[in-house]
1. Can you name every residue in region 48-75 that is farther than 17 Å from residue 13 by Cβ and touching a helix residue (DSSP H, G or I) at 6+ places or on another chain (Cβ under 6 Å)?
2. For the subset of region 54-88 comprising residues that are touching a residue at least 12 places away in the same chain (Cβ under 8 Å) and among the charged types (D, E, K, R), which member is farthest from residue 38 (Cα to Cα)?
3. Mind listing whichever residues of region 41-83 are surrounded by fewer than 11 Cβ atoms within 10 Å (Cβ to Cβ) and not in a loop (DSSP other than H, G, I, E, B)?
Amino acid sequence: MERQVISNERPRPACVSMEAAAAMFGWPNYYMPFLVRAGHLKPLGKPAQNARKWFATVEIERMSHDPDWLDKAIRIVEKQIQEMNRKQRGREQSEMHVVQ
């Protein structure tokens with residue numbers, strides 16, 4: 001992979017993995033799939049749903065300095081987590097009714 005040079009003369013990768021991108025944002029790894037599924041974060045190429053995703057370092061850095069993009073990203077993740085929790089609670093309540 002092509003490498004770019006940052007100000008302290010250390011090379012940096014042109015592309016980063018989902019885990020490295022999450023670290024650049026300072027977020028847990030589990031945030032990233034939510035953002036990719038929502039179309040708010042686009043991986044390079046057209047990877048299959050279960051394929052490893054790569055992101056352009058310059059784009060991740062640009063987005064990490066954009067308060068509007070970050071705000072929307074956090075809102076997307078929070079909303080999707082709330083929906084997952086709501087579905088999980090619904091399943092647990094359904095199972096409790098069956099057991100009783």
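Rule-based calculations on the coordinates, nothing more; no lab input. Remember, it's a predicted structure, so these values are computed and weren't measured experimentally. Cβ sites come from the backbone with ideal geometry, for glycine too, and all protein chains shown count toward neighbours.
1. Pass one, region 48-75, residues farther than 17 Å from residue 13 by Cβ: 48-51, 65-75.
Result: 69, 73.
2. Per the criteria, the residue is 61.
3. Matches in region 41-83: 67, 68, 71, 82, 83.
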